[in-house]
1. Take the conditions of a type in the set (K, R) and surrounded by 11 or more Cβ atoms within 10 Å (Cβ to Cβ) and apply them to K39. Does it pass?
2. Can you find even one residue in region 23-41 that is at pLDDT 90 or above, within 16 Å of the chain's Cα centre (by Cα) and not in a helix (DSSP H, G or I)?
3. Take the residues of region 2-50 that are aliphatic (A, V, I, L, M) and touching a residue at least 60 places away in the same chain (Cβ under 8 Å): which is nearest to G61 (Cα to Cα)?
4. Scan region 87-99 and tell me whether some residue there is farther than 12 Å from V7 by Cα, modelled with pLDDT of 85 or more, out of contact with any helix residue (DSSP H, G or I) (no Cβ under 9 Å at 6 or more places or on another chain) and not in a loop (DSSP other than H, G, I, E, B).
Amino acid sequence: MADESLVTLSFKKLYSLPVYKRSRKAVRRLRREIMRKFKVNEVKISPEVNNALWSRGDKLGIRRISVKVSVDRAASVAVIELPKVEEKKEAAEKVEEKSEKEAQQQ
């Protein structure tokens, strides 16, 4: 059984690096953060995510990325994909509901 979750990762600090190192470091950081957060041994990046990271070559044209992570605990593998628009909306609605509940409790 695979667990799924949406993760947003910022690449803000990578903009202090030389231009020719940014995309390479972004891929490494994405892999490292997913391995750390989900405690898996292997991370597979889908072609869509890879194309988004390398869309402007080594320059890294994005500041942050939201990805859907599917984790297979038995095989200790995480698969990173781009989420569909509906999944992003659902996640935003959950955050809004949570903030509304917290506001009502106070």
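The values are calculated or read from the model by the stated rules, or taken from the named source; none is laboratory data. Predicted, not measured: the structure shown is a model, and the values here were computed from it. Cβ: placed from backbone, ideal geometry, glycine included. Neighbour counts: every protein chain shown.
1. Yes.
2. Checking region 23-41: at least one residue is at pLDDT 90 or above, within 16 Å of the chain's Cα centre (by Cα) and not in a helix (DSSP H, G or I).
3. V7
4. no
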